[in-house]
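Worksheet for the structure shown next.
Every read-out reported here was derived from the displayed coordinates using simple, explicitly stated rules and does not represent laboratory data. Given the structure is predicted, the values throughout are model-derived calculations rather than measurements. All Cβ positions, even for glycine, are placed from backbone atoms using ideal geometry, and neighbour counts span all protein chains on display.
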Amino acid sequence: MIAYLNGLIVEKKDNAVVIDTQGVGYEVFCSSNTMGQLPQIGGTCQLYVHTQYRSDGASLFGFVSTQEKSLFL
């Protein structure tokens, strides 16, 4: 399981960010609170991650703190 991602922000959307981690781009869905605390495109960040598996695929959810992740869970 992925505990966190640390890397370069290459794209920001309304509710997601793409983080390049050593050449692999991860799309991570985030709350508006988390999105507001992330640096601009080209900046680096670390997000704590929860991986959700469903019948239609897997999704990553990112959080700036372990407290926010615990609240989500």
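Here are the numbers for this structure:
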read-out: Number of the condition not met by F61 [criteria: (1) under 10 Å from the mean Cα position of the chain (by Cα); (2) loosely packed, with under 13 Cβ neighbours inside 10 Å; (3) within 20 Å of L73 (Cβ to Cβ)]; value: (2)
read-out: Whichever residue in region 1-51 is part of a loop (DSSP other than H, G, I, E, B), within 12 Å of the chain's Cα centre (by Cα) and small (G, A, S) and, among such residues, is surrounded by the most Cβ atoms within 10 Å (Cβ to Cβ); value: S31
